[in-house]
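As structure tokens, the structure follows; a few thoughts come after it.
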Amino acid sequence: MAIEWPIYRRGDTGLGLLDTYESIATQNLIVLLMTNPGERIMDIDFGVGIRHILFENIDSAIEEVIRSEIDRQVATYLPYIEISDVLFASTRTDPSIDLDENYLGVQIKFSIPDISAVSMSLSLSV
């Protein structure tokens, strides 16, 4: 998952352009998730800081903390996005996951009601 700005470098073809509202909203959500609180100058509250949980013990309590922080940040900074669900995948919840025991997958299901964009999804691994 790479952060792309409205104009970004695209491999062998040169420059690319985020030209849909859905792609811009998705990138804004990625930036919000990956930014640590205090990292953005003049707005120290911006950011979920999902990387902060990297060394936490993953249990239902930390999942609820992550879920509530995502909901709070999106409501504050990206009010045009409506979160429908935040799902977690780990070896704790699904022993069939054939990855490291410390793997945590986060999937965010969201929509953008103002443009009738429904059932969008963003997945990331921590």
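The values are calculated or read from the model by the stated rules, or taken from the named source; none is laboratory data. Bear in mind the structure is a predicted one, so any value in this text is a computation, not a measurement. Cβ atoms come from the backbone with ideal geometry, glycine included; neighbour counts cover every protein chain shown. We work out accessible area using only protein heavy atoms, side chains counted, and drop any ligands, DNA or RNA first. Shrake-Rupley method; radii C 1.70, N 1.55, O 1.52, S 1.80 Å.
Output the residues belonging to the range 43-71 that are closer than 21 Å to residue 95 by Cβ, in contact with a strand residue (DSSP E or B) (Cβ under 6 Å, 6 or more places away or on another chain) and either assigned to a helix (DSSP H, G or I) or open to solvent by 90 Å² or more (accessible area, probe 1.4 Å) (or both). Within the range 43-71, just 63 meets the criteria. Restricting the range 72-98 to residues that are open to solvent by 70 Å² or more (accessible area, probe 1.4 Å) and touching a residue at least 12 places away in the same chain (Cβ under 8 Å), which is nearest to residue 114 (Cα to Cα)? Among them, the one singled out is 82. Here is a check on your reading of the model: is residue 84 out of contact with any helix residue (DSSP H, G or I) (no Cβ under 8 Å at 6 or more places or on another chain), small (Gly, Ala, Ser) and under 18 Å from residue 124 (Cβ atoms)? Here the answer is yes, as residue 84 does meet what is asked. Applying a threshold of 8 Å to beta carbon distances and a minimum spacing of six or more residues, or different chains, the list of pairs starting in the range 53-66 at a residue that is closer than 16 Å to residue 86 by Cβ and ending at one that is of a type in the set (Val, Ile, Thr) and outside any helix (DSSP H, G or I) reads 53/126; 66/48; 66/86; 66/106. Do the conditions hold for residue 22, that is, is it at pLDDT 85 or above and open to solvent by less than 90 Å² (accessible area, probe 1.4 Å)? Answer is yes for this residue.
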